[in-house]
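Notes follow once the structure below has been shown.
The values are calculated or read from the model by the stated rules, or taken from the named source; none is laboratory data. These numbers were taken from a predicted model, which means no experiment stands behind them. Note that we place each Cβ from the backbone using ideal geometry, even for glycine, and neighbour counts take in every protein chain shown.
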């Protein structure tokens with residue numbers, strides 16, 4: 001559960017929000033929600049956004065109210081938190097292994113429509129036994145390795161064998177294929193991203209042809225992310241997209257390029273880490289109160305918003321240093337600034353609350369109910 005004493009209260013001025021805090025610009029967020037809903041509808045694709053990005057039931061239900069068929073989760077504990085908060089259609093886009101986790105997953109099927117991925121025969125047999133023992137129904141997608149070099153079956157014949165086995169088990173339903181190419185999302189050029197998804201789609205197409213020849217149809221062919229969803233939508237093989245970061249965006253997505261070589265701006269930056277200057281003891285430097293425990297650094301340093309010439313660097317547990325050597329603005333002790341995180345997903349996992357802001361006022365607090373849900 002979120003800690004007591006959240007950093008803000010509805011109606012508060014932005015300048016009075018305690019730091020560090022995770023801000024959501026509601027105008028940009030709402031635009032992103034609407035834009036992706038339109039993109040999916042116009043392309044005839046089912047939209048199943050990935051909740052691993054936001055870990056928040058308020059946002060998941062908002063996405064569903066705007067036309068999403070449900071959401072994805074990556075972990076059983078994420079799904080538990082969202083089902084407990086009222087989300088009723090979840091696809092765990094991951095393998096769930098081990099009796100304890102499988103039992104937790106199957107138990108959720110008593111309260112929600114649930115599906116999961118498999119890429120292993122032994123895992124499938126264990127899923128079947130647990131689901132049968134609990135007398136519940138579970139959808140199953142075979143995960144196909146379409147270039148991610150992570151999870152997933154690597155050849156169409158192995159997909160067929162798993163699909164046929166699923167169909168023979170009365171308590172499981174073969175739903176189709178999970179075919180997500182995560183490595184392509186942050187490939188910088190438009191041409192390279194397009195080529196990566198073209199290759200992924202070819203793999204899926206060959207698999208579908210084999211399955212069809214054996215009398216097996218796929219209700220679901222799911223994949224795609226914020227960086228590539230248009231390519232999957234245009235492929236003629238996918239029918240469901242599962243983007244996550246589009247609601248927030250981050251500095252790393254900002255480095256992707258469009259077909260004309262310009263900055264990727266399909267969606268607006270809505271997520272910020274709010275921090276303040278806590279020390280100016282050295283010339284040309286300012287220390288802020290957001291460091292390794294407030295921002296994820298796996299995709300590089302955060303970018304200060306609207307502070308030309310200011311660079312964030314040298315993060316430690318509770319501090320970050322702003323280099324003001326080339327700054328074109330003036331900061332002082334207590335100055336509050338917005339940082340664009342390098343990677344939105346793991347940054348979100350560091351916080352208990354979103355502070356939802358419209359203009360210069362706090363409009364709402366949203367609990368991040370699946371924060372720390374990694375099992």
All but one of (1) farther than 29 Å from residue 73 by Cβ; (2) crowded, with 17+ Cβ neighbours inside 10 Å; (3) modelled with pLDDT of 95 or more hold for residue 327, so report the exception by its number. (3)
Those residues of the stretch 1-31 which are within 23 Å of the chain's Cα centre (by Cα), over 23 Å from residue 373 (Cβ atoms) and surrounded by 14 or more Cβ atoms within 10 Å (Cβ to Cβ), in sequence order: 25, 26, 28, 30, 31
Which condition breaks for residue 22 when tested against (1) in a helix (DSSP H, G or I); (2) touching a strand residue (DSSP E or B) at 6+ places or on another chain (Cβ under 6 Å); (3) in contact (Cβ under 8 Å) with a residue 40 or more places away in the chain? (1)
So how many residues does the stretch 70-84 have that are under 15 Å from residue 110 (Cα atoms) and touching a residue at least 60 places away in the same chain (Cβ under 8 Å)? 5
Condition set in contact with a helix residue (DSSP H, G or I) (Cβ under 7 Å, 6 or more places away or on another chain) and part of a loop (DSSP other than H, G, I, E, B), scope the stretch 95-107, selection surrounded by the most Cβ atoms within 10 Å (Cβ to Cβ): answer is 96
Residues of the stretch 108-131 that turn out to be within 26 Å of residue 69 (Cα to Cα) and surrounded by 15 or more Cβ atoms within 10 Å (Cβ to Cβ), as a count: 14
Any chance the stretch 140-150 includes a residue that's assigned to a helix (DSSP H, G or I) and under 25 Å from residue 242 (Cα atoms)? no
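Residues that are in contact (Cβ under 8 Å) with a residue 60 or more places away in the chain: find the strands (runs of 3 or more DSSP E) completely inside the stretch 231-345 holding 2 or more of those.
Here the list reads 271-279, 336-340.
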Scope the stretch 29-50; condition in contact with a strand residue (DSSP E or B) (Cβ under 9 Å, 6 or more places away or on another chain) and under 17 Å from residue 340 (Cβ atoms); matching residues: 29
Kindly list the number of the only condition in (1) assigned to a helix (DSSP H, G or I); (2) in contact (Cβ under 8 Å) with a residue 12 or more places away in the chain; (3) over 20 Å from the mean Cα position of the chain (by Cα); (4) surrounded by 15 or more Cβ atoms within 10 Å (Cβ to Cβ) that fails for residue 176. (1)
Criterion (in the same structural domain as residue 174 (by TED's automatic domain parsing) and over 19 Å from the mean Cα position of the chain (by Cα)) met by exactly one of 222, 245, 200: 200
For the stretch 295-312, does any single residue satisfy the condition of being closer than 30 Å to residue 48 by Cα, surrounded by fewer than 23 Cβ atoms within 10 Å (Cβ to Cβ) and in contact with a helix residue (DSSP H, G or I) (Cβ under 6 Å, 6 or more places away or on another chain)? yes
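Given the structure, is residue 281 crowded, with 23+ Cβ neighbours inside 10 Å and either touching a strand residue (DSSP E or B) at 6+ places or on another chain (Cβ under 8 Å) or in the same structural domain as residue 189 (by TED's automatic domain parsing) (or both)?
no
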Scan (1) within 23 Å of the chain's Cα centre (by Cα); (2) in contact (Cβ under 8 Å) with a residue 24 or more places away in the chain; (3) not in a strand (DSSP E or B) for the single condition residue 166 breaks and write down its number. (1)
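If you check residue 362 against the conditions, is it in contact with a helix residue (DSSP H, G or I) (Cβ under 6 Å, 6 or more places away or on another chain), part of a strand (DSSP E or B), touching a residue at least 12 places away in the same chain (Cβ under 8 Å) and closer than 15 Å to residue 21 by Cα?
no
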